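Below: the structure, in C-alpha cells.
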Amino acid sequence: MAVKCTECGAAVHDDSKFCRYCGAKIMQDETVEVKKHEYRFETINHAKIRKEELKAEKEIAKAKANVEWLEQWRKCNEEDRVDNRLQTIGAILCIILPFALIIYLITTL
Ligand SMILES: [Zn+2]
C-alpha cells in the first residue's frame with residue numbers, strides 16, 4: 001500500500017518512516033488520527049477557555065454594575081440624610097419659633 005507524502009505529495013510505501021523524495025516524516029494513519037484528536041482537543045479547549053473568559057467578563061461587568069449601583073445608592077442615601085437633617089431643623093424651627101413668639105409676647109405685654 002502506498003500513501004501520499006504530506007510534504008511533496010509523492011507516493012511512498014506506507015511502512016516507510018520518511019519520504020524518500022523529500023525526506024519528510026511520513027505520517028501514518030495513527031499519527032494523523034492522533035493529530036486530529038489533538039487538534040480537536042485543542043479546539044474544544046480553546047472554546048472552553050473562551051467560554052470561561054466570556055463568563056469571567058460577564059461577572060466582572062456585573063460586579064462593576066453592582067459597585068456603580070452601590071455608589072449611587074450611597075450618594076442618594078447621603079443626600080437623603082442631608083434632606084432629613086434639613087427637614088428636622090425646619091420642623092424644630094417651626095415648633096420653636098411660634099413658642100418663642102408667644103413667650104416674647106407674654107413677657108413684653
Ligand atoms: Zn515527500
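Summary table below
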| item | result |
| --- | --- |
| Sole residue being more than 30 Å from T6 (Cβ to Cβ) and not hydroxyl-bearing (S, T, Y), chosen from D29, D83 | D83 |
| Output for the range 20-39, where each listed residue is among the β-branched types (V, I, T) and within 12 Å of the ligand (Cβ to nearest atom) | I26 |
| Cβ-Cβ under 9 Å pairs, at least 6 apart or on other chains, the range 6-19 side more than 8 Å from the ligand (Cβ to nearest atom), far side small (G, A, S) | A11/A2; H13/A2; D14/A2; F18/A24 |
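No lab work stands behind these numbers, since they all come straight from the coordinates. Quantities reported herein were computed from a predicted structural model and do not represent experimental measurements. Positions of Cβ are backbone-derived with ideal geometry, glycine not excepted, and every protein chain shown enters the neighbour counts.
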